Amino acid sequence: MKVLYWSEQFFPDIGGVEILSSDLITYLCQQGHQFCVITSNKVRKSDLPDSTNTNLSVHRFPFRKILDDHDLKRMKDLITIICEIIVKFNPNILHVNTQSPSIFFFERIIRMSKIKDIPILYSLHSPLNPIFHPEITINSESIITKVLSKAQRITAVSESLMKDFLAVFPEISHKAELVYNGLYIPDAIPETITFSPPKLLCLGRIVPHKGFDLAIKAMPSILKKIPDCQLIIAGGGPEMPALVDLVEALEISNQVKFLGWVEKDKVAALLNSVSIILMPSRWNEPFGLVALQAAQMARPIVATRDGGIPEIVVDNETGLLIERDDQQGLVSSVIHLLEHPQIAENMGLAARRRSIEIFSLDRCASTFSRIYQQLDGEGFP
């Protein structure tokens, strides 16, 4: 099966969709599928060139810059270039994975005569939220409405995200399907949780909606009960300077460590070195891939009871859930687990079992492979 995979960003950029896409495509290539990726050329470290191997070619383009510059000629030229790539690749399926700026180009490309009859699978990874997608308006003429209407199949990464979309687009219910994310199980064996000293971890992009500042603000109260507790913040982003200032203002610089970006192959070792993972998100996380990564390494999680997180973190079974912006709830939950290490360890082991049973990459990839086969076989009226 030949699949044109369209994603706003792609590995080596690191984020939920990027990690999922990398693992999913690698797995499906091993199963004999062939992929061509269309993505942005701007990643965290630098601009990257195109790349190609036996089953995967990656083509990178400056989508956002062209849109920001309102460069109509470059828009037209880019659409032509991508159309030529698609026609040459001759895919069985178009699999789009974004609601971000490049969907403007995707919507125009699927109008083209040589492409418009290729089946479309639209995978939803993020909510319709003006904070993250201010360019999106919802009406009969909006780009996302047009792409959803043209897609033969639609998937969502959580029941929560699916429910939100069906509330706005009830007409897609007959072609929508839940497909939970899945990741490779790390080669590293989960180590017994150490509490000497206890270490808390926030992992991800350092942006306001991740709520890492809440974890920092909780530390003085936690330290009153657990004086040797440490907080590790791993990631990078625009909120970093503000968090550093907050740590200094609270006079807890010796208890909080900023690691910066952690490469994908180093995440398992990092999780093995900590006691509890904190996810105090301020938005409806569509899935929360960090929760799955933590579960795979048998670490308990304290997280916000929003979005898709409760579908991964089972309250009082694999972790503890708190309300949004509930600093005292975060403090109480962390102290409870640190004062009851056996409970924390049992939650971590339960989380790992559940990650293998429900969120395996094999299950995720097999579902997408089935959908690809179905779409390729259905044809068009």
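The values are calculated or read from the model by the stated rules, or taken from the named source; none is laboratory data. No experiment lies behind these values; they were computed from the predicted model shown. Cβ coordinates were reconstructed from backbone atoms using ideal geometry, including for glycine residues, and neighbour counts include every protein chain displayed. Surface accessibility is based on the protein's heavy atoms, side chains included, excluding ligands, DNA and RNA. Shrake-Rupley method; radii C 1.70, N 1.55, O 1.52, S 1.80 Å.
The table that follows gives values for the structure above.
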{"item": "Considering only the chain, percent of DSSP beta bridges that pair antiparallel, nearest 5", "result": "5"}
{"item": "Inter-label distance for LYS116 and GLU84, nm, one decimal - labels placed 7 Å from Cα along Cα-to-Cβ", "result": "2.3"}
{"item": "With DNA, RNA and ligands ignored, accessible area of ARG111 (1.4 Å probe; Å², nearest 10)", "result": "120"}
{"item": "Alpha-carbon centroids, region 166-187 and region 190-240: separation in whole Å", "result": "30"}
{"item": "Calculated Rg and Dmax of the chain using C-alpha coordinates, Å", "result": "21.5, 68"}
{"item": "Relative contact order of the chain, pairs being alpha-carbon contacts under 8 Å that are 6 or more residues apart, as %", "result": "15"}
{"item": "Point-to-point label distance, ASN346-LYS175, nm (Cα→Cβ direction, 7 Å offset)", "result": "4.8"}
{"item": "Accessible area (Å², 1.4 Å probe, nearest 10) - HIS70", "result": "140"}
{"item": "Using alpha-carbon coordinates, inclination of helix 327-339 to the longest axis of the chain, degrees", "result": "60"}
{"item": "SER51/GLU191 FRET efficiency (R0 35 Å; Cβ-Cβ; nearest 0.05)", "result": "0.50"}
{"item": "Accessible surface of region 71-122 [probe 1.4 Å, protein heavy atoms]: carbon and sulfur percent", "result": "54"}
{"item": "Quarter of the Cα convex hull surface for region 149-307, i.e. its orientation-mean projected area (nm²)", "result": "11.0"}
{"item": "Dipole of region 98-255, positive direction: furthest Cα of LEU183, PRO198, PRO227, with charges on the beta-carbon", "result": "LEU183"}
{"item": "Net +/- balance of residues flanking ASP245 in space, Cβ distance below 15 Å, scoring K and R +1, D and E -1", "result": "-3"}
{"item": "Length added when fully stretched, LYS76-GLU357, from 0.36 nm per residue minus Cα-Cα", "result": "96.5 nm"}
{"item": "Of LYS217/LYS257; LYS146/LYS175; LYS199/LYS225; LYS217/LYS266, those spanning more than 20 Å from alpha-carbon to alpha-carbon", "result": "LYS217/LYS266"}
{"item": "Accessible area expressed per residue, the chain, with surrounding protein chains retained (probe 1.4 Å, Å²)", "result": "43"}
{"item": "Solvent-accessible ranking of PHE165, PHE195, largest area first, probe 1.4 Å", "result": "PHE195, PHE165"}
{"item": "Calculated on alpha-carbon atoms, Rg and Dmax of region 28-123 in Å", "result": "13.6, 41"}
{"item": "Accessible area of region 194-272 belonging to carbon and sulfur atoms, whole % at 1.4 Å probe", "result": "53"}
{"item": "Largest to smallest accessible area among GLU177, GLU317 [probe 1.4 Å]", "result": "GLU317, GLU177"}
{"item": "Residue list for region 338-371, given a label point 7 angstrom along the Cα-to-Cβ vector of ASN316 and an amide N cut-off under 19 Å", "result": "338-351"}
{"item": "Rounded accessible area of LYS150 (nearest 10 Å², 1.4 Å probe)", "result": "80"}
{"item": "Heavy-atom SASA rank of TRP6, TRP283 (probe 1.4 Å, accessible area, largest first)", "result": "TRP283, TRP6"}
{"item": "Radius, Kirkwood style, for region 158-204 when every pair of distinct Cα atoms is counted (Å)", "result": "14.9"}
